[in-house]
1. Asp29's amide H: which non-local residues (gap 5+, or another chain) put their own amide H closer than 5 Å, with H modeled 1.01 Å from N in plane and none for Pro or chain starts?
2. Assigning unit charges at the beta carbon (Lys, Arg +1; Asp, Glu -1) and nothing else, what dipole magnitude in debye, to the nearest 20, does the stretch 20-64 show about its Cα centre?
3. Restricting to Cα pairs below 8 Å that are 6+ residues apart, what does the relative contact order work out to for the stretch 20-64? Please round to a whole percent.
4. State the extension gain, in nm to one decimal, for the chain segment bounded by Arg57 and Gln40, taking 0.36 nm per residue of separation less the distance between their alpha-carbons.
5. Run through the stretch 1-67 and list the GluC sites (Glu not before Pro) located in a DSSP loop whose Cβ has at most 16 other Cβ atoms within 10 Å.
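Just so it is clear, none of the values below were taken in a lab; they were calculated from the coordinates. This is a predicted model, so every value here is computed, not measured. Glycine gets a Cβ as well: all are built from the backbone with ideal geometry, and neighbour counts include every protein chain shown.
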Amino acid sequence: MTTVLRHLLWRIKPDPARQVTIRYVQCRDCGEKFPTAAAQAEGDLWAMKHAGRTGHRSYREFAASDLIATPVRDPRRPSPAPPAAECPAAGPSPAAPSTSP
Ligand SMILES: [Zn+2]
């Protein structure tokens with residue numbers, strides 16, 4: 001039995017099933033967090049209220065988006081739409097290995 005491994009190009013892009021960016025703001029002085037929706041203004045308002053209430057002045061904003069990596073169908077042919085980013089990953093193909101007698 002022989003296993004054939006192929007190298008594929010991969011692309012990574014925002015997950016179309018989950019395009020909502022998750023944000024939150026965290027006070028760097030006490031660690032309190034405020035989850036926000038997609039609007040940055042909500043986190044800014046929370047930080048200003050927190051600063052007024054506690055005197056804490058240092059904050060950090062976090063934003064996260066879900067991404068999905070998919071193999072490019074045929075790395076020798078150009079893709080119909082330019083991918084967001086490509087990485088010539090040196091991993092085995094997710095396709096089933098072929099065998100020969
Ligand atoms: Zn605080």
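1. Long-range HN contacts for Asp29: Ser58.
2. 100
3. Working: 70 pairs, mean separation 22.9, N = 45.
Relative contact order here is 51 percent.
4. Values: separation 17, 0.36 × 17 = 6.12 nm, distance 1.75 nm.
Going from the current span to full extension adds 4.4 nm.
5. Numbers: sites: Glu32, Glu42, Glu61; in loops: Glu32.
In loop regions of the stretch 1-67 (DSSP not H, G, I, E or B), the sparsely surrounded GluC sites (Glu not before Pro) are Glu32.
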